[in-house]
Amino acid sequence: MKRILCFITVLLLCSCTVKENRSFCPCELLVYSEEPLKTDGSVLVSVIQDGEVVKQGMMSRDDFESGNCRLTVPRRPSQVTVFTGIKDMNAVSGRLLNIRFEHQCDEVYSCSDVALLEGDSYECPVMPHKNYARLFLTILGLPVESAVAVSGNVKGYDILSLDPCKGLFQCSPDKDQDGQEFLVRLPRQLDDGLSLDVLKGNNLFRSVPIGSMIAASGYSYDDPDLLDITLTVDLSKSFVVLTVSGWETETYPIVEY
């Protein structure tokens, strides 16, 4: 029995020698950012081969920027996806990165790259792009003791494709002490369904279709880095003033609200 175990050990040690075919040997993959990360939070790295995740790990920003993202993976062409800035979102089943209900989108940056993995080791530099938008809201004419909510139709991201995932998004924006200035972080959108709802108790007081107004401005959710948006909503006069990252300010009438 001891002789058989010894023979198996020798085979394992010799299975990836320099002289033999090394295509079945693993590859050490180093994933790192080409520039400093722009937000705090955890980093999620996934390696995909033939549409399946073969390796996935979450690490701190400090570890990632220190060059500690080293993964041992099969030596095959792979897709590498990276999400940074994760604080509150949940990774589900290795495939989805979800925004929790009644929570905002994290300050996520993400990217995808191809790694050939042809040798014993491979370096994969990445450059994550801004995958959320800050929506700055000024709401005039708010009733006393009212509440504000923003809702939409995207609840997170597909970890493999980076595409937005359909689902209910709803949260209460952060507000200042005066109760007129609000901030909400939005995920990349698939449609114009964003809505600003003003509530009095359990009743809907006003619903403002801000998604269609953002679309009318020419704003594009297809940009690699999402721009921030500023909206001034006057409930008493029924108009919205919209500004996008220094664009010329324009006024859009609100229809049926």
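Where a number appears in this text, it was derived from the coordinates with a stated rule and is not lab data. Here the structure is a predicted model, which is why all the values come from computation and not from measurement. FYI the Cβ positions are ideal-geometry reconstructions off the backbone, even for glycines, and counts take in every protein chain you see.
Just a few scattered comments:
- Converting phi to 3J(HN,Hα) with the Karplus coefficients 6.51, -1.76 and 1.60 and the offset θ = phi - 60°, segment 203-212 yields 9, 7, 8, 8, 10, 10, x, 5, x, 5 Hz in sequence order, with x at every glycine or proline.
- For segment 156-164, Karplus couplings with θ = phi - 60° (6.51, -1.76, 1.60), whole Hz, Gly/Pro x: x, 9, 7, 5, 7, 9, 6, 6, x
- Taking Cα atoms only, the orientation of helix 2-14 departs from the longest principal axis of the chain by about 60 degrees.
- Unsatisfied cross-links (Cα-Cα over 29 Å) in the set LYS130/LYS200; LYS38/LYS155; LYS55/LYS155: LYS130/LYS200
- Surface/4 estimate of mean projected area, convex hull on alpha-carbon atoms of the chain, nm²: 18.8
- J(HN,Hα) series, segment 186-201, from Karplus relation 6.51 cos²θ - 1.76 cosθ + 1.60, nearest Hz, glycine and proline x: 9, x, 4, 9, 9, 8, 9, x, 4, 9, 9, 10, 10, 10, 10, x
- Note on segment 132-253: Cα Rg divided by 2.2 N^0.38 Å, N the number of residues, gives 1.05.
- The simple spin-label model puts a point 7 Å past each Cα toward its Cβ; for MET58 and LEU140 those points are separated by 4.4 nm.
- Segment 103-134 versus segment 221-236: alpha-carbon centroid distance in Å: 25
- Helical contribution to [θ] at 222 nm, DSSP H n ≥ 4, -39,500 (n - 2.57), averaged over the chain, rounded to 500: -2500 deg cm²/dmol
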